[in-house]
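Input: a single structure, listed below in structure tokens.
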Amino acid sequence: MKKSVLFLFLTLFSTVFFFAPRQVLAVDQEQLKKYLTVEAAILQANDNVSIYFEDVDGNKQVTINPTRSWIPASTIKAFVLIEVFNQVRQGLISFDHVVTIKPENVVATALETEEFPRLREGTQATIRQLAEAMIIQSDNTAYNSLIDFLDRRNINNTLK
């Protein structure tokens with residue numbers, strides 16, 4: 001449950017900041033920081049959140065624990081999640097679209113729970129299930145499958 005709520009928080013945060021940066025920067029920055037801090041505390045995730053957002057001109061920024069160090073190994077997965085939302089928003093895909101796991105995308109993992117069973121070759125999963133497994137479980141098979149499905153070039157173009 002806690003992981004699902006954290007996933008929703010991260011999804012909301014990335015969606016708001018990626019798709020509506022002008023609107024975000026138009027609001028009072030201290031108010032926004034207080035709001036995000038309270039939300040993280042309610043979700044019991046305040047020790048696991050670090051945010052640094054700055055507008056292109058460098059005039060405005062929102063930060064929470066900006067100097068906290070994190071191992072960046074799976075941060076790329078946030079960009080894949082942004083592309084999932086981008087393609088859903090454009091109507092190119094839906095969260096309910098089913099993807100079949102290809103053998104070349106399977107990565108052995110010990111991360112298996114009842115909520116997130118191991119993705120094996122031939123398994124079918126929705127885009128929503130893959131996105132949740134990628135973010136909540138840091139599932140690399142889900143990540144590889146989404147990269148393959150979304151196309152790496154689309155992700156790069158969206159980030160540019």
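With a 1.4 Å probe and all protein chains left in place, how much accessible area per residue does the range 49-160 have, in Å²? I get 60 Å² per residue for this part.
If the chain linking residue 30 and residue 151 were pulled fully straight, counting 0.36 nm for each residue of separation and taking away their Cα-Cα distance, it would gain 39.8 nm. How many percent of the accessible area of the range 37-160 is carbon or sulfur, using a 1.4 Å probe? That share works out to 49 percent. Of the listed residues 143, 52, the order by accessible area with a 1.4 Å probe, largest first, is 52, 143.
Going by accessible surface with a 1.4 Å probe and the largest first, 141, 100, 67 read 67, 100, 141. The heavy atoms of residue 149 offer some 70 square angstrom of accessible surface to a 1.4 angstrom probe. To the nearest 10, the accessible area of residue 47 is 110 Å² with a 1.4 Å probe.
Computed with a 1.4 Å probe on the full set of protein chains, the accessible area for residue 120 sits at about 110 Å².
The values are calculated or read from the model by the stated rules, or taken from the named source; none is laboratory data. Note that the structure is predicted; figures quoted are calculated from it, not measured. Areas reflect the complete protein model, heavy atoms only, side chains present, ligands, DNA and RNA absent. Shrake-Rupley method; radii C 1.70, N 1.55, O 1.52, S 1.80 Å.
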